[in-house]
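*Asks:* The following block contains the structure, expressed as structure tokens.
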Amino acid sequence: MFFTLLRRLTAGSFAFFRRVLRWGGAWVQARPALAAWVYGDPQEAERVSEAELAEENYRDFNHHYFAGFGEQEKMLADGPRMAFYAAAVARRVRPGDRVIDLGTGTGILSAFAANSGAARVYALDHSDILKQARRLAEANGLAGVEFIATHSRDFTLPERVDVILHEQMGDYLFDEAMVPNVIDLRERLLRPGGVIVPSCFEFYCEPAKVRDERRIPFLWELNVRGYDYACLEDDRPENPNYYRHIGCDPGMIEHFLGLAAPALKIDLMTLRPDEMGRELKIVRKVVNPGRLDGFVVYFRALEGDDLALSSSPLDAGRAPHWGFRILRTEAAEFTAGEEITLTLRVGSWAEPGGWSWSWTRSAGG
Ligand SMILES: C[S@@+](CC[C@H](N)C(=O)[O-])C[C@H]1O[C@@H](n2cnc3c(N)ncnc32)[C@H](O)[C@@H]1O
């Protein structure tokens, strides 16, 4: 009891100081002369405050997005997703372990951990779904799980834990702040030799052909019964979001032009954020000739050699509640043996709205 009170007090004070620092930062930045003195290069200060603002906005969005039943039920009804987590937690959580469940939602991963014999589970969530998580735990007789209404960055403990559980993967893998949130907890609260579940991820970006009947060309590519839209090419929109397909379903994709391979592999146990770079080059030899319509972004989460969770549109066992995304290109025909080189530039991995891409072709070797 005393310990719980002390921890809540510490977490509350920490959250309060963060808020004061943010207000202080905003106050200083509203005074250019003072900001230049405090932060040095004003352009750099602007970049920092933009990043903080983006993070703050994302926190607000995430907090509301997951508060309702709608998003939670989609995730829980996703059979491959739940099978992956049930098996991974059963494998990695040992009797007596202390566990943090980062973003517990309805508490399902905490329940898996308790079933594996965890001594204590700290189930964190910053959205109002935590109210239902508590009711569910009571109704299901779940013991040893403490539900804590907090953002993970504001959470602290006097001791380190054995396991961090999380499901923070977005359609673009990185767009739900998985990397910064998990690394923050890892650095502060995971004991040496502890584990993160899941920790290994593959990020893919594959050149693909969309089924003819599902393809939506850019406006200037169209010719509708002789009415030619080509002159609009000069009026291409500047908004980068226009160049991404937001809602995609697996039925859209006919094939990948090359053989799929990870464009990036990360292990959250060891990853340093600056390791990820800001530019990826992806080269694919064409084995399925045809039209290039765009690059399909999807991911795989791995636990050991035998457990995988995939959002690929071409995997029969894909986890259905994840969408995948297409980085659109103008149509281009490819023959077998040619090579496509994609350059993907990312300002921030967490903000796909700022990604840009281009490709070149070569004869191949
Ligand atoms: C994708 S859902 C996963 C829910 C649950 N773990 C499951 O597997 O069904 C992510 C949950 O994490 C919460 N969340 C996201 N980022 C968080 C953070 N940094 N701290 C606390 N909760 C967070 C959201 O409110 C949401 O309920």
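*Asks:* Out of residues 5 or more away from Ile216 or on other chains, whose amide H comes under 5 Å of its own, with H placed 1.01 Å from N in the peptide plane?
*Replies:* Result for Ile216 returns nothing.
*Asks:* Let me ask another. For the stretch 328-333, just list the computed ³J(HN,Hα) in residue order, Karplus coefficients 6.51, -1.76 and 1.60, θ = phi - 60°, integers in Hz, with x standing in for Gly and Pro.
*Replies:* Going residue by residue, I get 6, 9, 5, 4, 8, 8 Hz, with x marking Gly and Pro.
*Asks:* Compute the semi-axes of the equivalent ellipsoid of the stretch 256-325, taking the square root of 5 times each eigenvalue of the Cα gyration tensor, and list them largest first in whole Å.
*Replies:* Details: eigenvalues 104, 67, 26 Å².
Equivalent ellipsoid semi-axes, largest first: 23, 18, 11 Å.
*Asks:* What is the fewest-to-most order of Asp293, Asp97, Asp184 by other Cβ atoms lying within 10 Å of their Cβ? Numbers along the way, then the final one.
*Replies:* Details: Asp293 27, Asp97 19, Asp184 15.
By the 10 Å Cβ count, ascending, the order reads Asp184, Asp97, Asp293.
*Asks:* Counting other C-beta atoms within 10 Å, which of Ser110, Ser116 has the fewest, and how do the rest follow?
*Replies:* Ser116, Ser110
*Asks:* Moving on to the next point. So what's Rg/Rh here for the stretch 180-275, counting alpha carbon atoms and using the Kirkwood radius for Rh?
*Replies:* Computed over Cα atoms, the ratio is 1.18.
*Asks:* For Ile196, which sequence-distant residues (separation of 5 or more, or a different chain) have an amide H within less than 5 Å of its own amide H, given hydrogens modelled in the peptide plane?
*Replies:* Ile164
*Asks:* Pairwise over distinct Cα atoms, reciprocal of the mean inverse distance: report the Kirkwood radius of the stretch 234-365 in Å, one decimal place.
*Replies:* 16.3 Å
*Asks:* Here's something else I'd like to know. List the residues, sorted by chain then number, that are 5 or more residues from Val161 or on another chain and whose placed amide H is less than 5 Å from its amide H.
*Replies:* Placed amide hydrogens put Leu190, Arg191 under 5 Å from Val161.
*Asks:* Report, in whole Å, the centroid distance computed from the Cα atoms of the stretch 209-258 and the stretch 84-155.
*Replies:* One Cα centre to the other: 43 Å.
*Asks:* Label the stretch 71-177 by shape, choosing from rounded, prolate and oblate, from the square roots a ≥ b ≥ c of the eigenvalues of the Cα gyration tensor; if a/c is under 1.5 it is rounded, and otherwise prolate applies when a/b is larger than b/c, oblate when it is not.
*Replies:* Rounded.
*Asks:* For the stretch 354-365, in order, what is each residue's ³J(HN,Hα) by Karplus, 6.51 cos²θ - 1.76 cosθ + 1.60 with θ = phi - 60°, in whole Hz (x at glycine and Pro)?
*Replies:* x, 6, 9, 8, 8, 9, 10, 10, 9, 5, x, x
*Asks:* Taking neighbour counts of Cβ atoms within 10 Å as a proxy for exposure, in what order, fewest first, do Ile148, Ile216 appear? List each step's numbers first, then the result.
*Replies:* Details: Ile148 21, Ile216 13.
Lowest count first: Ile216, Ile148.
*Asks:* Another question, then. For a quick protection proxy, order the peptides 309-321, 61-73, 128-140 by their average other-Cβ count within 10 Å, most packed first.
*Replies:* Top to bottom by mean Cβ count within 10 Å: 309-321, 128-140, 61-73.
*Asks:* Show me, for the stretch 273-280, the HN-Hα J-couplings you get by feeding each phi into the Karplus relation (A = 6.51, B = -1.76, C = 1.60, θ = phi - 60°), rounded to Hz, glycine and proline as x.
*Replies:* Per residue, the Karplus-derived 3J(HN,Hα) values read x, 6, 6, 6, x, 10, 8, 10 Hz.
*Asks:* Please give, to one decimal in nm, the separation of the simple spin-label points placed at Cys231 and Arg91, each 7 Å out from Cα toward the Cβ.
*Replies:* Taking the simple label geometry, Cys231 and Arg91 are separated by 6.1 nm.
*Asks:* Moving on to the next point. Using Cα positions and a limit of under 12 Å, work out the aspartates and glutamates in reach of Lys281, with same-chain residues fewer than 8 apart set aside.
*Replies:* Lys281 reaches Glu206.
Bear in mind that the values in this text are calculations on the coordinates, not laboratory data. Keep in mind that what you see is a predicted model, and the values were worked out from it rather than measured. Glycine also receives a Cβ, built like all others from the backbone with ideal geometry; neighbour counts cover every protein chain displayed.
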